[in-house]
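K.L.:
Below you will find the structure I want to go over with you.
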Amino acid sequence: MARYLVTGGAGFVGSHAVLALLDRGDEVVVLDDLSQGHRAAVPAAATLVQAPLADGAELKRVFANWRFDAVLHFAALSLVGESMKAPMHYMAENLGNSVRLIEAAIEAGCLRFVLSSTAALFGNPARIPIDEDCPVSPGNPYGESKLMVETALAWAERIHGLRYAALRYFNAAGSDPQGRAGEDHNPETHLLPLAIDAALGRRPALTVFGDDYPTPDGTCIRDYVHVTDLADAHLRVLGRLETHGSCRYNIGNGEGHSVKQVLDAIARVSGRTVPHSIGPRRPGDPAILVAASEKLRAETGWSPRFGDIDAIVRTAWAWREAHPNGYGER
Ligand code: UDP
């Protein structure tokens, strides 16, 4: 049995990773200020420490209380649009907090670190699908802040021997197939939950952000990857870090779906159409982001269980239908 510190473990991807760790019998301490996460998303079997990452004294206490085999760092601001309005806030939160956390881990002798990184590193990518050798050039401050954390980790590796994995998620979506966790942001900005709620009549019609992109139907193409498959990637990468050096992986299904295709998938799965209208582009959105995940597959044996968009939508739909108020805390 191993023990892990999971920052942001009450959030969307973090909570699914916590479930995966608990399911295989590991011990989990979640560090989350619940500014975006939910107390109800943290299973009773995990220990929740409610504190902001910026609280250096609390960080020290956490590392003094427990000895961790690794840190999984999910806690971050993660909205492209918001980052275009408040770039310095993104730098301060994402880079500042991560640096403090890395420092605390090193001081405590915890030299394994898994970072939630992002496809937003690649901006308008040089090629599609995007492999790990594709040049990074973030098109927004969110992506830039994550790139800077990756750079900080590389220095921590070089100077302190910290071994890290930077996992560049493409579009995390879906929910725990057993219905134990799901996607609930406040405010909600993500396509699937907004579109599903619009189809259920719980929200106004969806605004599609632009239909004049250079894609076949004019709407943006993304690589939607199931959050449980992302969680599984974390388990595999943790294992690999014990026997290999640091690594960076792009994680997606390798298949892109346009916004309109996602709305079609919702209609197929649920039998309901998504009311929508076309609006202007959202600043910072690249036209196409699709991952090449061959490296992750080859080096860790990862293979998505929910590789097709309908399977992803099915779990997302089931959770939102069963949880009209999400975690119901707000
Ligand atoms: N999108 C949209 N309307 C919305 C929310 C999202 O058209 O109300 C589009 C967005 O432009 C992007 C895709 O859906 O092309 C996925 O956006 P999301 O915010 O879910 O994830 P991101 O790609 O920003 O990580």
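The values are calculated or read from the model by the stated rules, or taken from the named source; none is laboratory data. Nothing here was measured: the structure is a model prediction, and the numbers come from that model. Here Cβ is always computed from backbone atoms with ideal geometry, including for glycine, and neighbour counts include all displayed protein chains.
K.L.:
Scan the range 54-105 residue by residue and report those that are within 16 Å of the ligand (Cβ to nearest atom) and not in a helix (DSSP H, G or I).
P.N.:
Correct list: Phe74, Ala76, Leu77, Ser78, Leu79, Ala86.
K.L.:
Search the range 279-308 for residues that are closer than 15 Å to Val80 by Cβ and pair each with any residue that is near the ligand (Cβ under 9 Å from one of its atoms) and of a type in the set (Ser, Thr, Tyr) when their beta-carbon atoms are under 6 Å apart and the residues are at least 6 apart or on different chains.
P.N.:
Hits for this filter: Ala287/Tyr213.
K.L.:
Also, quick follow-up: Can we say Thr228 is buried (at least 22 other Cβ atoms within 10 Å of the Cβ) and away from the ligand (no atom under 14 Å from the Cβ)?
P.N.:
yes
K.L.:
Select from the range 153-185 the residues that are polar (S, T, N, Q) and more than 14 Å from Arg320 (Cβ to Cβ) and write down the one among them that is surrounded by the fewest Cβ atoms within 10 Å (Cβ to Cβ).
P.N.:
Gln178
K.L.:
Quick check on my filter: what residues within the range 298-308 are surrounded by fewer than 17 Cβ atoms within 10 Å (Cβ to Cβ) and not hydrophobic (A, V, I, L, M, F, W, C)?
P.N.:
Glu299, Gly301, Ser303, Arg305, Gly307, Asp308
K.L.:
Considering only the range 278-291, I want to know if a residue exists there that is more than 12 Å from the ligand (Cβ to nearest atom), modelled with pLDDT of 95 or more and not acidic (Asp, Glu). It would help to see each step written out before you state the result.
P.N.:
Restricting attention to the range 278-291, the residues satisfying the condition of being more than 12 Å from the ligand (Cβ to nearest atom) are 291.
Imposing the further condition that a residue be modelled with pLDDT of 95 or more reduces the set to 291.
The next check asks that each one be not acidic (Asp, Glu); those that pass are 291.
Yes: the range 278-291 contains one or more residues that are more than 12 Å from the ligand (Cβ to nearest atom), modelled with pLDDT of 95 or more and not acidic (Asp, Glu).
K.L.:
Can you give me the ranges of the strands (runs of 3 or more DSSP E) entirely in the range 221-330 with at least 2 residues that are within 21 Å of the chain's Cα centre (by Cα)? Steps first, answer last, please.
P.N.:
Values: elements: 224-226, 247-251, 276-279.
By residue number, 224-226, 247-251.
K.L.:
So Ile128 passes all but one of these: (1) among the β-branched types (Val, Ile, Thr); (2) within 16 Å of the ligand (Cβ to nearest atom); (3) buried (at least 24 other Cβ atoms within 10 Å of the Cβ). Which condition number does it fail?
P.N.:
Of the numbered conditions (1) among the β-branched types (Val, Ile, Thr); (2) within 16 Å of the ligand (Cβ to nearest atom); (3) buried (at least 24 other Cβ atoms within 10 Å of the Cβ), the odd one out for Ile128 is (3).
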